[in-house]
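A.B. asks: Below is one structure. I have some questions about it.
The values are calculated or read from the model by the stated rules, or taken from the named source; none is laboratory data. All values derive from a computational prediction rather than experimental measurement. Counting neighbours? That spans all protein chains shown, and the Cβs are built from the backbone with ideal geometry, glycine included.
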C-alpha cells in the first residue's frame, strides 16, 4: 500500500494504558518500532520516529506474529478511553489519528 494513502486500521486501548497495533501496519508505517505521541482536541496522534529520537515511545512486540503495544497512558493521561477504536493513517501527514470519541472529529 502506498505510504501517502489514507488507511483505516483497528486499534485497541487497554485499561492499563497500552495501545495495540497490528503487525503488518507497524512494519509498514513504524519500521523503527519508535513513535511520538500527541494528545489534541481531535484525539491521539502517533508519528513515526527514527532510532535517534531521544524521547520516543518504544513499540514492544507483543506476540510472535508481531503485534505491537505502546504505553500511551503517559501521553494521553489516566482518562484515556478503553476499548477497540478505528484509527486513520493519514499518509500525507505521516501520522496515525485515533479520533477522540467525544471530540470534534465525531461531532
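A.B. asks: Name the residues in segment 1-30 that are at pLDDT below 95, over 22 Å from residue 73 (Cα atoms) and outside any helix (DSSP H, G or I), would you?
C.D. replies: 1, 2, 3, 4, 5, 6, 7
A.B. asks: Also, quick follow-up: Is it the case, given these coordinates, that residue 77 is in contact with a helix residue (DSSP H, G or I) (Cβ under 6 Å, 6 or more places away or on another chain) and either farther than 19 Å from residue 29 by Cβ or modelled with pLDDT under 90 (or both)?
C.D. replies: Values: in contact with a helix residue (DSSP H, G or I) (Cβ under 6 Å, 6 or more places away or on another chain): no; either farther than 19 Å from residue 29 by Cβ or modelled with pLDDT under 90 (or both): yes.
When the stated conditions are applied, residue 77 does not pass them.
A.B. asks: Which of the numbered conditions does residue 94 fail, given that it passes all the others? Conditions: (1) touching a strand residue (DSSP E or B) at 6+ places or on another chain (Cβ under 9 Å); (2) closer than 16 Å to residue 13 by Cα; (3) touching a residue at least 60 places away in the same chain (Cβ under 8 Å).
C.D. replies: In the conditions (1) touching a strand residue (DSSP E or B) at 6+ places or on another chain (Cβ under 9 Å); (2) closer than 16 Å to residue 13 by Cα; (3) touching a residue at least 60 places away in the same chain (Cβ under 8 Å), residue 94 misses (2) alone.
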